[in-house]
Amino acid sequence: MKHKSILVTSVALAVAGSPWAAAAADQGTDLEEVVITATKRESTVQDTPISVTAISAADIANKGLTDFNSLAQTVPGIAMRTSGPGQTEFEMRGLSSAGGNASVVGFYLDETALSSPASAQLGKIVIDPNLYDLNRVEILRGPQGTLYGSSSMGGTVKVVPNAPQLGVYAVSGETVVSTTGSGGGTNFTQNGMVNLPLGTEVALRLVGSTDSESGWLNRYVFADGAVPTDGATGARPPGFYTAPLAETASQANASSLDSFRASLLWHPVDELSITPAFMWQHTHQDGPNAVDVNGAPSYPQVPAAQGHWEIYDTPEPQDDTFTLGSLKIEWQTEHMLITSATGDWTRTTLVSQDGTEENDGPSGLGSLGTASPYDTSAGGLGPTGPGPSGPGVQERDATQQLSEELRLTSTDKGPFQWQAGYYFQRLKSEWDMWSVNPQMLSAGIGNIYVDYMPQTITQNALFGEGSLEFAQGWKATVGLRAYHYEYTQSNSEWGDFTPYGFANLTSGAPTPAGNTAPFNTTASGNASGVNPKFDLSWQANPQLLLYATAARGFRMGGTDQPFTGYLTTVSAGACAAPSSLAIILQCGLQQKLSATKTFPGGYYAPNVQFPNATAQGVPQFKSDSVWNYELGEKGEFFDRQLTINADVYYERWNNPQLATNIAGFGYTVNGANASILGTELEMWLKLPAGFSFAGNLGLADSKFLSDSAVTGYQSGTAIPDSPKVTSSVTLRNVQPLSGQLQLTSSLSYNYIGERTNAPYGETITLNNMNALLVHLPAYGLMNLRAGVKSDDWSFNLFANNLLNKETLLDTQPQINLQTVAFTRYIVNQPRTVGVDVNYSFGR
């Protein structure tokens with residue numbers, strides 16, 4: 001009958017995480033003890049000897065967290081890049097996710113790994129799940145390679161929805177209405193949940209959400225012919241931002257998110273539970289949260305007028321559709337719990353961007369370094385036009401994954417505990433891109449660049465972990481994961497920016513072969529290895545846990561799009577007047593690999609080869625890995641009135657997969673080894689008069705350990721995209737009113753320190769790196785929330801970004817020819833104020 005106790009625990013956790021439990025957790029503002037499964041067995045945060053933060057349903061409700069970006073800002077050591085909903089790329093402990101086939105941070109929905117699309121130009125993005133009716137979010141920092149495998153070498157994020165509850169009928173809902181200033185409008189969110197008991201052995205839980213967010217940015221469309229040409233240097237001409245407009249499209253980055261979750265719990269006998277689940281989510285955004293900044297300065301500033309200026313009326317929609325089916329089976333035998341977790345999901349993202357200036361400007365196809373007109377009547381190429389599915393230069397990332405994990409976990413009491421398992425993953429990911437100029441198709445040069453690049457990744461792993469309490473309070477844990485992966489990739493591309501098209505275009509041929517003749521390549525790879533983990537912990541007393549950890553994490557290798565200049569021999573004269581795309585790429589590669597800190601290189605090393613390229617000219621990058629060494633403590637003091645969790649760590653990143661740029665094309669390469677020295681601190685303090693204070697701090701000092709010509713990063717340079725400082729503080733107050741009513745309020749401040757990034761479109765070398773690196777400013781955002789709540793309802797007023805701070809969050813990923821003069825930057829949402837009403841029925 002042991003399994004019945006496990007199910008009772010699961011139901012208790014579901015109730016504790018339900019919306020109506022948040023009020024109970026507020027009584028006396030005591031610290032809530034959250035049960036987690038970070039080690040794939042139940043424990044509390046304070047009893048788990050790893051660096052982990054758990055955010056409960058009550059935390060999410062109390063702070064008014066509506067999306068995963070705002071949630072992550074409250075956790076130390078984690079940062080992100082995002083250009084809108086569903087376009088989030090996580091960084092953790094100083095490791096960058098910008099390059100590679102996968103993220104450095106694993107992302108799980110319950111037991112299912114949600115991998116990022118392989119080879120995507122947009123980055124290693126994951127879904128932005130709706131946060132309603134979650135039980136908790138667990139954020140594990142440091143390599144989790146033993147239990148979570150590849151793509152968890154920086155850490156793991158685990159989103160755990162509420163489970164169905166047996167014998168309980170319950171309904172809950174949430175309505176949020178708000179308004180965004182500085183050009184924004186009205187926002188509306190409606191969430192709902194129903195839990196239905198279907199007899200004594202079955203329960204069904206349904207969750208639905210719809211959210212619409214007004215945009216606040218503009219899209220400025222010039223009058224026909226108002227900007228006839230770009231200058232020969234690639235910068236926008238004088239008077240560009242004051243030229244006559246044909247249209248101003250306001251709220252151009254408005255977005256919507258609709259989602260549905262269904263889960264069924266079947267408990268036919270005491271020892272067995274079966275939980276099938278389904279999730280669907282669709283996100284749409286009219287345009288990215290990005291603004292123009294003229295040129296690419298090293299220290300960009302928020303422009304006075306926030307928006308994007310376009311030569312032609314080219315909308316930039318983003319669509320993201322995700323569907324998941326999963327099945328979890330738990331069977332309790334006499335001595336162990338057997339768990340099977342199967343997941344099968346698909347995801348398709350389609351992103352459009354305006355590419356007119358890049359394609360038709362001086363560094364684009366239309367001019368090769370001279371002033372170029374836009375209109376076809378003046379000899380230009382015309383607007384970037386519709387691909388197969390809509391307007392603009394488009395990237396489509398289609399991903400499908402089937403995964404299975406079979407796990408055995410000991411349940412007998414005693415000093416020795418163990419678990420062992422097998423994991424299988426088959427990931428099919430296809431990266432497609434379309435860039436066309438429809439007005440020029442009849443002239444034979446309308447296909448600028450079309451690419452189809454499917455890839456299949458298969459992974460098998462055996463893992464195990466055992467812990468032994470060898471003395472009073474002392475526990476040693478050893479884990480191993482043996483893995484093998486392999487991948488195959490093909491590439492088919494055609495158009496003017498391909499090997500067959502560009503030479504004919506520049507030589508004046510009337511019908512470039514590249515518009516119809518594909519350039520095809522294939523590549524494959526595989527690797528095997530072992531990820532070990534060693535942990536020693538000491539429960540000094542019931543309130544103090546000390547631990548030391550050494551663990552390794554890894555990330556799979558992969559391939560880039562073909563580097564078509566690989567076999568091309570060039571001269572200085574050829575680089576001064578390039579006649580083909582192959583020569584342009586080869587000259588950029590020579591510029592990179594021949595530069596030193598004091599000498600820029602001069603295209604003097606003929607036939608420089610791309611590192612690790614195949615005979616077909618397809619660059620490949622190797623697996624990278626991290627060793628993490630960590631000391632930490634978890635302590636509760638003064639009768640649990642004060643909690644302090646802290647750690648210090650040192651990480652060594654070997655063969656890091658990094659994003660770089662060569663002549664406007666993005667590639668992943670293995671850079672120089674790097675190190676990260678850091679510390680993380682989380683504290684919670686109960687104060688008099690119903691107040692409580694929560695704060696955290698993350699410090700990460702990262703640097704490359706040697707020069708790397710292929711990336712352009714010098715020894716001692718910080719890893720890109722990783723802030724040195726992340727911090728968050730919250731002051732909360734709960735005051736009892738009459739009966740069950742409480743008056744609640746909270747004030748929070750989230751801070752992200754300065755970080756660097758390589759600008760899109762620049763060939764970064766050891767010589768020019770210091771002049772070209774973008775330094776994104778530090779920023780802090782303040783949120784205020786106040787309201788009244790009872791056991792069954794709450795009413796809150798809120799103001800997010802209370803001080804209306806305007807800041808640049810990151811450079812926007814470019815999917816077209818990456819041109820430095822037209823780089824855009826992601827900006828934050830202006831002050832948003834509104835009302836949030838929660839209500840529930842049933843127990």
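Once R0 is set to 56 Å, what does the formula 1/(1 + (r/R0)^6) return for the Cβ-Cβ distance between Val835 and Gln301, expressed as a FRET efficiency to the nearest 0.05? Mind dumping the intermediate values first?
Working: r = 34 Å, r/R0 = 0.61.
E between Val835 and Gln301, to the nearest 0.05, is 0.95.
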_Overall form of the range 92-218 per C-alpha gyration tensor (a/c, 1.5; a/b vs b/c)_ = oblate
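Using mean Cβ contacts within 10 Å as the protection proxy, how do 737-744, 532-539 order, highest first? Could you put the intermediate results ahead of the total?
Values: 737-744: 13.2, 532-539: 18.5.
Result, highest mean Cβ count within 10 Å first: 532-539, 737-744.
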*What's the FRET efficiency of Ala420 with Ser492 using the Cβ-Cβ distance as r and R₀ = 51 Å, to the nearest 0.05?*
0.75
*Between the range 99-120 and the range 603-664, how many Å separate their Cα centres?*
15
*All other residues with a Cβ under 15 Å from the Cβ of Ala304 taken together, and with Lys, Arg as +1 and Asp, Glu as -1, what is their net charge?*
-2
*Please give, to one decimal in nm, the separation of the simple spin-label points placed at Leu737 and Asp258, each 7 Å out from Cα toward the Cβ.*
3.6
*Excluding Ala517 itself, what net charge comes from residues whose Cβ is under 13 Å from its Cβ, given Lys and Arg +1 and Asp and Glu -1?*
-2
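In Å², and per residue, what accessible area does the range 714-830 have when probed at 1.4 Å with the other protein chains present?
Values: 4020 Å² over 117 residues.
Solvent-accessible surface per residue comes out at 34 Å².
Taking R0 as 41 Å, what's the FRET efficiency between Val725 and Phe795 from their Cβ-Cβ distance, rounded to 0.05? Show your work: numbers first, answer last.
On the way: r = 36 Å, r/R0 = 0.87.
After rounding to 0.05, the efficiency reads 0.70.
Ignoring ligands, DNA and RNA, what percent of the 1.4 Å accessible area of the chain is carbon and sulfur?
Answer for the chain is 61 percent, counting heavy atoms of protein chains only.
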*Taking only the alpha carbons of the range 772-843, what extent do you get along each of the three principal axes, in Å, biggest first?*
57, 27, 16
*Okay, helix-only estimate at 222 nm for the chain: each DSSP H run of n ≥ 4 adds -39500 (n - 2.57), divide by all residues, round to 500 deg cm²/dmol; what do you get?*
-2000 deg cm²/dmol
*Report the charge-dipole magnitude of the chain in Debye, nearest 20, computed about the Cα centre from +1 at each Lys and Arg Cβ and -1 at each Asp and Glu Cβ.*
1380
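Calculate, for the range 125-208, the solvent-accessible area per residue in square angstrom, rolling a 1.4 angstrom probe over the heavy atoms of the protein chains.
Working: 2010 Å² over 84 residues.
Solvent-accessible surface per residue comes out at 24 Å².
Take peptides 150-158, 240-248, 115-123 and line them up by average Cβ neighbours within 10 Å, highest first, as a rough protection proxy. Don't skip to the answer; put the middle values down first.
Numbers: 150-158: 28.0, 240-248: 12.7, 115-123: 23.7.
Listed from highest to lowest mean packing, they are 150-158, 115-123, 240-248.
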*HN-Hα J in Hz across the range 142-159 - Karplus 6.51, -1.76, 1.60, θ = phi - 60°, x for Gly and Pro*: x, x, 10, x, 5, 8, 10, x, 4, 6, 10, 7, x, x, 9, 10, 10, 9
*Surface accessible to a 1.4 Å probe, His775 within the full protein complex, Å²*: 40
*Return, for the Cα atoms of the chain, the radius of gyration and Dmax in Å, separated by a comma.*
27.3, 85
_Could you report the accessible area of Arg831 in Å², rounded to 10, computed with a 1.4 Å probe on the protein chains as they sit in the structure?_
100
_Accessible surface, per residue, of the range 266-343 when the full set of protein chains is kept, probe 1.4 Å, Å²_ = 39
*Kindly write out, for the range 786-797 in residue order, the coupling ³J(HN,Hα) from the Karplus curve 6.51 cos²θ - 1.76 cosθ + 1.60 (θ = phi - 60°), rounded to whole Hz, with x marking Gly and Pro.*
8, x, 10, 8, 10, 5, 10, 7, 8, 9, 10, 9
*Run the dipole for the range 115-224 about the Cα centre, Lys and Arg Cβ at +1, Asp and Glu Cβ at -1, nothing else charged, and hand back the magnitude in debye, nearest 20.*
340
*Under the Karplus curve 6.51 cos²θ - 1.76 cosθ + 1.60, θ = phi - 60°, whole-Hz ³J(HN,Hα) for the range 322-328, x wherever Gly or Pro sits*: 10, 9, 9, x, 9, 9, 10
*asked:* Given an 8 Å cut-off on Cα distances and at least 6 residues of separation, report the relative contact order of the chain as a percent.
replied: 13
*What order, most packed first, do the peptides 342-350, 631-639, 806-814 have when packing is the mean number of other Cβ atoms within 10 Å of each residue?*
806-814, 342-350, 631-639
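The values are calculated or read from the model by the stated rules, or taken from the named source; none is laboratory data. No experiment lies behind these values; they were computed from the predicted model shown. Please note: Cβ atoms are built from the backbone with ideal geometry, for glycine as well, and neighbour counts cover all protein chains shown. SASA here: full protein model, heavy atoms, side chains in, ligands and nucleic acids out. Shrake-Rupley method; radii C 1.70, N 1.55, O 1.52, S 1.80 Å.
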